[in-house]
Amino acid sequence: MERDREESVDLAQISLRPLQLSDVDDLMVWTTDEKVPKFCTWEPYSSKDQGIDFIQNKACEFLWSRAICLNDSAIGFISMTSSSVTDKSRGKSVELGYVLGSKYWSKGIMTYVVKQVKKVAFREFPHLERLEALVDAENVGSQRVLEKAGFHREGVLRKYLFFKGKSRDMVIFSVLSTDLNHQD
Amino acid sequence: MSNLDLSKISLRPFKLSDVDDFLLWAGDDQVTQNLRWKTCGSREEALAFIRDVCIPHPWRRSICLDDRSIGFVSVYPWSGDDRCKADIGYAVAGDYWGQGIATKAVKMAVPQVFNDLSHLVRLQAFTSPQNKASQRVLEKAGFLKEGLLRKYTYFKGNIKDSIVFSFLSTDEFPHDD
């Protein structure tokens, strides 16, 4: 956690909008930063072509996605994927994923964004029952985001995923449509 | 019910000739209520199910008592990047409940499965929170209960909670009691 730049961010300057090709240079800032995909399945990007490919071909494959913007410049990305993609019996469940440039970590930005998206998810998808997220057991920062955003920690799935050469224990979190009625 | 000699329990692939024994339990709603299987309604259905599903299955075994089918154990591996994990399921004929047969069968299956599926790291099982008997089978077979997944899956038309258990290739294989 960097403490040498203590600039706090006015969360009113944070917004969500679709990712655009013109965001590619901003996208390259977090995708080339080794710290950022440490717990992600992807490796840091090495060329702008990868950034262009993501914006043009990959971002649209998600069920829903947005660029996380600070004063309309992209500093991260948040997405939802239907769980029925991997398991046909799980059509009422959606998985949340997110990434933020490391310069913006520890300022409450991700928690703020996840809280908004939590509400958006159940509004956009009225039949949605369950929003879940899986976080590497070593990624304490991301676990805290979900806890502060009101997700329930359900357990640790041991060696649930295998990527970058090793098995990962994943902590599974969820929020149900019925939880929302009792929150915020 | 008298004490069953569990050494008479064995696991083997299904055969078409199992059909009549198969129908006794696969045709029983009590047995299939906790499975994703549809209850078998006829000998023809049972034959087709053994031929088209059980025999070509990546890893499915008949639980046998004196070589007659009284249930099954099934392991379904995920594919691609997820082939490190597989789902286990099982059932035993109603007449044979309460005698430790499912536990014995799962204990026998676990080392075989890790031997047969080379990429497997994690064997997982999902049970209904109401199905206490099945949870005890997994606990006695050495699985670790990891948590309650709320409104996790569609099961026969309804969204259900699931309790998730796992057994890892690095866990100690179960011993016979």
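Figures for the structure shown
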| read-out | value |
| --- | --- |
| Loop-located trypsin sites (Lys or Arg not before Pro) in the stretch B:20-56 whose Cβ has at most 16 other Cβ within 10 Å (DSSP) | B:Arg36, B:Lys38 |
| Solvent-accessible area per residue for the protein assembly as shown (1.4 angstrom probe, square angstrom) | 51 Å² |
| Estimated FRET transfer efficiency when R0 is 56 angstrom, pair A:Ile52-B:Lys145 (beta carbons, to 0.05) | 0.75 |
| Relative counts (whole %) of C-alpha pair distances in chain B, using bins that are 10 Å wide | 10, 37, 39, 13, 0 |
| Expected 222 nm ellipticity per residue - DSSP helices of 4 or more, -39500 (n - 2.57), all of the protein assembly as shown, to 500 | -6500 deg cm²/dmol |
| Debye intensity ratio I(q)/I(0), log10, the protein assembly as shown, q values 0.06, 0.08, 0.10, 0.11 Å⁻¹ (C-alpha model) | -0.29, -0.49, -0.72, -0.83 |
| Charge dipole (chain A, unit charges on Cβ, about Cα centre) - positive-most of A:Cys69, A:Thr41, A:Ser102 | A:Thr41 |
| Loop-located trypsin sites (Lys or Arg not before Pro) in the stretch A:78-130 whose Cβ has at most 10 other Cβ within 10 Å (DSSP) | A:Lys88 |
| Leading residue at positive end of dipole, chain B (Cβ point charges), from B:Pro13, B:Pro111, B:Cys84 | B:Cys84 |
| Accessible surface of chain A [probe 1.4 Å, protein heavy atoms]: carbon and sulfur percent | 48 percent |
| Inter-label distance, nm, simple model (7 Å from Cα along the C-beta direction), B:Asp28/B:Asp66 | 1.7 nm |
| Potential lengthening between B:Arg136 and B:Arg83 on full extension [0.36 nm per residue; Cα-Cα distance subtracted] | 16.4 nm |
| Sites excluded, GluC sites (Glu not before Pro) in DSSP loops with at most 15 other C-beta within 10 Å, longest stretch of chain A | A:35-137 |
| For chain B, share of DSSP beta bridges that run antiparallel, in % to the nearest 5 | 90 percent |
| Buried area at the B-A interface (accessible, heavy atoms, 1.4 Å probe, summed, Å²) | 2200 Å² |
| Most to least accessible of A:Cys40, A:Cys69 (protein chains only, probe 1.4 Å) | A:Cys40, A:Cys69 |
| For the stretch A:155-184, residues shielded by at least 40 square angstrom of accessible area compared with the chain on its own, probe 1.4 Å | A:Leu157, A:Arg158, A:Lys159, A:Tyr160, A:Phe162, A:Leu176 |
| Span-rule helices in chain B, defined as complete DSSP H runs reaching 15 Å or more along the axis (Cα) with Kyte mean at least 0.0 | B:101-116 |
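The values are calculated or read from the model by the stated rules, or taken from the named source; none is laboratory data. This is a predicted model, so every value here is computed, not measured. Cβ: placed from backbone, ideal geometry, glycine included. Neighbour counts: every protein chain shown. Each accessible area value is taken on the protein alone, full model and side chains, heavy atoms only, with ligands, DNA and RNA left out. Shrake-Rupley method; radii C 1.70, N 1.55, O 1.52, S 1.80 Å.
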